[in-house]
Amino acid sequence: MSDRILFPKEDVIDTKYFNIHQDREVPIPGFFIMEAKRKLRSVSEFTNEEAVEFMDLLRKVRKGMFEVLGIKDVYLFQDEDTSHNFHLWIFPRHSWMEEFGRKIQSVRPIMNYAKENMITDVLIKEVKEHVKKIRKYME
């Protein structure tokens with residue numbers, strides 16, 4: 001299974017220090033990535049201004065995911081041991097994911113399942129609608 005860009009332009013918000021967007025390759029509605037604009041690896045490298053903006057954005061997008069999209073639970077992941085710039089996964093838990101379990105080990109099989117089985121016009125439309133709703137919420 002090759003990774004392909006499904007959502008090249010599905011940005012939620014672009015601010016001075018961060019960009020939040022739909023995961024570009026995984027067709028899971030509400031799977032948002034929060035990326036730092038400055039090249040860094042860890043929250044320990046944030047300036048005070050970046051730290052404040054990061055927390056404000058994360059809190060607001062998460063609140064919107066609950067209030068607007070009905071996403072009750074999320075997993076937050078940040079990996080410092082990566083060649084990529086700093087980014088945080090905001091990984092939603094949907095009811096269809098229950099069969100995979102609720103442990104951290106379930107995330108990769110869920111992502112693989114979505115990429116192998118869920119690339120449909122209906123789901124792509126749903127992903128884009130989620131982005132649109134959260135974008136409006138974040139204004």
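Assorted remarks:
- Count of the stretch 90-139 residues which are touching a strand residue (DSSP E or B) at 6+ places or on another chain (Cβ under 8 Å) and β-branched (V, I, T): 6
- Any hit, the stretch 4-25, residues being outside any helix (DSSP H, G or I), without any contact (Cβ under 8 Å) to a residue 24 or more places away in the chain, out of contact with any Leu (no Cβ under 7 Å at 6 or more places or on another chain) and of a type in the set (V, I, T): yes
- Long-range neighbours under 6 Å by Cβ, at least six apart or interchain, first residue free of Cβ contacts under 8 Å to residues at least 12 places away in the same chain within the stretch 39-52, second surrounded by 15 or more Cβ atoms within 10 Å (Cβ to Cβ): none
- Only one of H21, H84 that is more than 16 Å from A114 (Cβ to Cβ), of a type outside the set (A, V, I, L, M, F, W, C) and at pLDDT below 95: H84
- Contact map, the stretch 126-139: first residue part of a helix (DSSP H, G or I), second residue of a type in the set (F, W, Y), Cβ cut-off under 8 Å, separation 6 or more or different chains; pairs are V127/F7; K128/F7; V131/F7; I134/F32.
- Of all the listed residues (I134, I124, I110, I104), the sole one being among the β-branched types (V, I, T) and in contact with a Pro (Cβ under 7 Å, 6 or more places away or on another chain) is I124.
- Residue count, the stretch 24-54 (criterion: among the hydroxyl-bearing types (S, T, Y) and either modelled with pLDDT under 95 or within 22 Å of V74 (Cα to Cα) (or both)): 1
- Within the stretch 53-73, the residues that satisfy the criterion of being surrounded by 14 or more Cβ atoms within 10 Å (Cβ to Cβ) and in contact (Cβ under 8 Å) with a residue 40 or more places away in the chain are L57, K60, V61, G64, M65, V68, L69, I71.
- Screening S83 with (1) assigned to a loop (DSSP other than H, G, I, E, B); (2) surrounded by 12 or more Cβ atoms within 10 Å (Cβ to Cβ) gives one miss only, at (2).
The values are calculated or read from the model by the stated rules, or taken from the named source; none is laboratory data. Not measured: the values here are computed from a predicted model. Quick reminder, even Gly has a Cβ in these numbers, built from the backbone with ideal geometry, and neighbours come from all protein chains shown.
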